[in-house]
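A quick write-up on the structure given underneath.
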Amino acid sequence: MELIKATGVSYVYDGGQPALKDIDLSISSGEMVAVLGPNGAGKSTLFQLFNGLLEATSGLVTVKGLPVRKENFREIRTIIGMVFQDPDDQLFNSTVRQEVSYGLKNMRVQGQAMEAAVAWALDVVGLRGYGEKSPHRLSGGEKKRVALASILAMRPEVLVLDEPTASLDPMGASRLITLFKSINRDLGMTLIFATHDVDIVPLLAERVYLLNGGKIVSSGGVAEVFADKQAIRQISLRLPRVAHLAELLARDGVIAADDLPLTIGQARRLLQKLSPFPCRPQGQNGAA
């Protein structure tokens, strides 16, 4: 089922500065979709059109067939949950419990139903027992998970994530990626995320929209989009590090790879095919 559709969408800021130009986009239920582009490409502006924080200057955005207009905002905002890049822009209550229950109160959820929803959301993000802590005294990764829990508690159909791993250390980013995948798999939520971090895209996305200068310059499956190396590099991005390494090895004649691996797992399978020696089984000092 098509959840979000943009047709011929443009957005111009006050003062006449164009931010988005003739965007066509379609996202279906259950997908994991990346909007990839450099800083200033228009990713955050596009996301704000999905739930009415901004309204398109021209063209049409629909959510489950509903035009994103004022009369539909309440229903649309129950369908789409947005997690901002900086959790400090989203967290303002004095305790984690108050933060996670805030949206539920606005939905008039009360009593045991609200308590159960808060407990469930904190469990999902791995923050059981954090209810009485101040969100402002938590680590960056914990703040991101509180912000995520506050949205999950309302059970949206779509999670929109703006630069979800920004400012996180590698372990924190890895934990969050694992969490997002489980949310998509176990809860059936559609995930849409904006990023300029090319390394997380093959780990989390099934499809990619490549955005630059407010325009979609490429779209398709992850391997398809990254196969166009020139398009990636022309907009000041790069290949994922694993793919770049394989590209260099192929150039030097060490390997012959028509389809560059994008993840460590894909690289491992490629090397297993090419190597005359068997790889050690996983768990015996071998790479995962």
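Taken over segment 211-228, the criterion of being loosely packed, with under 15 Cβ neighbours inside 10 Å and not small (G, A, S) is satisfied by E224, D228. In the set (1) assigned to a strand (DSSP E or B); (2) more than 15 Å from the chain's Cα centre (by Cα); (3) surrounded by fewer than 21 Cβ atoms within 10 Å (Cβ to Cβ), the condition left unmet by M82 is number (2).
Is segment 67-78 home to any residue that is assigned to a loop (DSSP other than H, G, I, E, B) and within 19 Å of the chain's Cα centre (by Cα)? No.
Scan segment 46-64 for residues that are touching a residue at least 60 places away in the same chain (Cβ under 8 Å) and either within 13 Å of K21 (Cβ to Cβ) or not assigned by TED's automatic domain parsing to the domain that holds D24 (or both) and jot them down. The answer is L46, and nothing else. Note on segment 46-59: among residues that are over 20 Å from the mean Cα position of the chain (by Cα) and farther than 26 Å from G221 by Cβ, the one that is surrounded by the most Cβ atoms within 10 Å (Cβ to Cβ) is A56. Checking the structure you have, find out if any residue of segment 35-45 is farther than 30 Å from V222 by Cα and surrounded by fewer than 21 Cβ atoms within 10 Å (Cβ to Cβ). There is no residue in segment 35-45 that is farther than 30 Å from V222 by Cα and surrounded by fewer than 21 Cβ atoms within 10 Å (Cβ to Cβ). Among the residues making up segment 1-21, those that are exposed (fewer than 15 other Cβ atoms within 10 Å of the Cβ) and either over 22 Å from the mean Cα position of the chain (by Cα) or among the aromatic types (F, W, Y) (or both) are G8, Y13, D14, G15, G16, Q17, P18. Only residues that are touching a helix residue (DSSP H, G or I) at 6+ places or on another chain (Cβ under 8 Å), part of a helix (DSSP H, G or I) and closer than 21 Å to T178 by Cα were counted across segment 121-141, and they come to 5.
Of the residues E142, E157, E115, E132, the single one that is within 20 Å of I79 (Cβ to Cβ), surrounded by fewer than 20 Cβ atoms within 10 Å (Cβ to Cβ) and acidic (D, E) is E157. Annotation note: of L191, L245, L176, L249, the sole residue that is surrounded by 21 or more Cβ atoms within 10 Å (Cβ to Cβ) and in a helix (DSSP H, G or I) is L176.
The values are calculated or read from the model by the stated rules, or taken from the named source; none is laboratory data. Here the structure is a predicted model, which means the values were calculated and not measured. Note: ideal-geometry Cβ built from the backbone for every residue, glycine included; neighbour counts use all protein chains shown.
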